[in-house]
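Engineer: Here it is: the structure, laid out below.
The values are calculated or read from the model by the stated rules, or taken from the named source; none is laboratory data. Only a predicted model underlies this, so the values are computations on that prediction, with no experimental measurement involved. Heads up, the Cβs are rebuilt from the backbone with ideal geometry, glycines too, and the neighbour counts pull from every protein chain shown.
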Amino acid sequence: MGLAAWLWREPWTLTVCYLVLSAVVLRQWHSRRDLIFYLVPAILGPLGEAICVYFGAWEYSQSSWLLPPWLPLGWGISVLFIYRITISVAPRNE
């Protein structure tokens with residue numbers, strides 16, 4: 001989130017930063033479940049946002065397209081982090 005707040009005016013720089021962060025995160029966490037928790041939100045999150053943007057609920061000011069190029073990466077990273085934090089602090093029922 002800090003990167004988005006800092007670099008939102010530079011969408012391609014932010015995209016490159018998120019690509020690097022994605023590579024680092026997926027190098028560390030790359031089980032099948034981790035990949036699912038990265039890829040599904042990277043697809044469905046922007047899809048939901050595209051519908052909202054299309055119908056005028058909000059807009060992205062620095063995007064020449066419907067959505068900024070960094071958005072799928074941001075969704076994937078965010079949800080994977082939330083998943084990994086949750087499994088590290090939640091009690092396991094074994």
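Engineer: Tally the residues that are among the hydrophobic types (A, V, I, L, M, F, W, C), modelled with pLDDT of 95 or more and surrounded by fewer than 17 Cβ atoms within 10 Å (Cβ to Cβ), restricting the search to segment 7-28.
Structural biologist: Result for segment 7-28: 7.
Engineer: Next up: How many of the residues making up segment 1-10 are touching a helix residue (DSSP H, G or I) at 6+ places or on another chain (Cβ under 9 Å) and in a helix (DSSP H, G or I)?
Structural biologist: Counting residues in segment 1-10 that are touching a helix residue (DSSP H, G or I) at 6+ places or on another chain (Cβ under 9 Å) and in a helix (DSSP H, G or I) gives 4.
Engineer: Read through the list (1) in a loop (DSSP other than H, G, I, E, B); (2) free of Cβ contacts under 8 Å to residues at least 12 places away in the same chain, then give the number of the only condition that Pro69 fails.
Structural biologist: (2)
Engineer: Next up: On the basis of being free of Cβ contacts under 8 Å to residues at least 40 places away in the same chain, surrounded by 13 or more Cβ atoms within 10 Å (Cβ to Cβ) and of a type in the set (Ser, Thr, Tyr), does Tyr60 make the cut?
Structural biologist: yes
Engineer: Only one of these is under 13 Å from the mean Cα position of the chain (by Cα), of a type in the set (A, V, I, L, M, F, W, C) and surrounded by 11 or more Cβ atoms within 10 Å (Cβ to Cβ): Leu66, Leu44. Name it.
Structural biologist: Residue meeting the stated conditions: Leu44.
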